[in-house]
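The values are calculated or read from the model by the stated rules, or taken from the named source; none is laboratory data. Not measured: the values here are computed from a predicted model. Please note: Cβ atoms are built from the backbone with ideal geometry, for glycine as well, and neighbour counts cover all protein chains shown.
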Amino acid sequence: MAKNDKASSNKSVATVASSSVQLGTAVEAPDRFVNPGFPEHRLRVTDLDPKKMKRAARIVGVLFYASILGSVFAVFAYMFFPIEDGSTTSVRLNTLFIGLGITFALLAIGIAAVHWGKAVMADHEGVDHRHPVRGTDATRARAVEIFKEANEESGFSRRTLIRNGMIGALIAFPLPAIALFRGLAPMNEDPNNLMKFTMWKAGTRLTADPTGVPIKASDVTIGSAFQVIPEGLVDLPEKEKLDAKAKAAVLLVRMKPEDYTWSSAERESWSYQGIVAYSKICTHVGCPVALYEQQTHHLLCPCHQSQFDIANESQVIFGPAARPLPQLPIYVDDEGYLRAQSDFTEPVGPSFWERSK
Ligand code: FES
């Protein structure tokens, strides 16, 4: 009996297989759903009542005009609430009223556009069937003919003086923009040097940020991490101070010496009894890398989540950064103060410098 059951079951499987699966075709699932099509079209109130349609059209128009008022308000706010030197109140009022004007103008345009589309514009569903986009052979042949004619009539291939001159002119055309970019850096300084070097020099003491108080190695406890700046930075004029700090900010970390893995003895000599100093400027696009996870020794950049392993020469372990954070070589002087052995040995900041990596 069991033998018979098995045979009949095999037979039914074979029947199903042969009836539902054919070589070279897709398998059609028995529970395939039916295309529900469009839901039943419902007329809007503005379709049914001409008065409501008129009202909706009026609202859209009024919103657009209200937007104009918002823009004009922003311009007047710019004129009547100017920013005055040293007055934070004037900055607040200026940004507040200009912002309100622009916000109102954009909001009104947005609401008007949505309301126009939803309530006033014609409301019907249409079906646009796909069709091949390739032209017929005749159309394609004609297109080639047109190109040849245009080439012949313009003399593009024949008149090499004009053609080469035009290509040259178009290539040279953006060059003034590059020259203008040069103006972003001070004219009396080499922009390359500005990018490559920081305020750190051999012998510069590491000082606390923002007090500028020099730091002794004995002040740095195991497990601590804090921002330091070069000695003298706090005495710079405000503008120079910000520029210098943007490149020279360093994160000082102390871990147990045995927790580090060094690639060479020289690299190990850049640290002092477990104290290391790494650039705080992320090598992705330059945000300050400020979140230190004491247990894992990982440094996290909050901008795009790059993570650096402090225990392993700050190698990138996650995220878009392309290279480790540059390390500032440090030592301790006779009085116990931490000092830089030199500037960073590679440029700090975004990985523009190492594009090949
Ligand atoms: S700037 Fe740090 S991850 Fe992007």
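Applying the condition of being assigned to a strand (DSSP E or B) and within 15 Å of the ligand (Cβ to nearest atom) to the range 303-331 and asking which residue is surrounded by the most Cβ atoms within 10 Å (Cβ to Cβ) yields Phe308. Determine if the range 289-302 includes at least one residue that is within 15 Å of the ligand (Cβ to nearest atom), within 18 Å of Lys196 (Cβ to Cβ) and part of a loop (DSSP other than H, G, I, E, B). Looking through the range 289-302, none of the residues is within 15 Å of the ligand (Cβ to nearest atom), within 18 Å of Lys196 (Cβ to Cβ) and part of a loop (DSSP other than H, G, I, E, B).
Taking the range 171-275 and the helices (runs of 4 or more DSSP H) fully enclosed by it, the elements with 2 or more residues that are under 16 Å from Ile330 (Cβ atoms) and free of Cβ contacts under 8 Å to residues at least 24 places away in the same chain are at 265-268.
In summary, Val285 fulfils each of the numbered conditions (1) of a type in the set (A, V, I, L, M); (2) more than 8 Å from the ligand (Cβ to nearest atom); (3) part of a loop (DSSP other than H, G, I, E, B) with the single exception of condition (2). Phe156 passes every criterion in (1) more than 39 Å from the chain's Cα centre (by Cα); (2) in a loop (DSSP other than H, G, I, E, B); (3) modelled with pLDDT of 90 or more apart from (3). Residues of the range 85-120 that are loosely packed, with under 12 Cβ neighbours inside 10 Å and not in a helix (DSSP H, G or I): Asp85, Gly86. Could you list, in sequence order, all residues of the range 179-231 that are more than 15 Å from Gln341 (Cα to Cα) and of a type in the set (S, T, N, Q)? Across the range 179-231, the qualifying residues are Asn188, Asn192, Asn193, Thr211, Ser218, Thr221, Ser224, Gln227.
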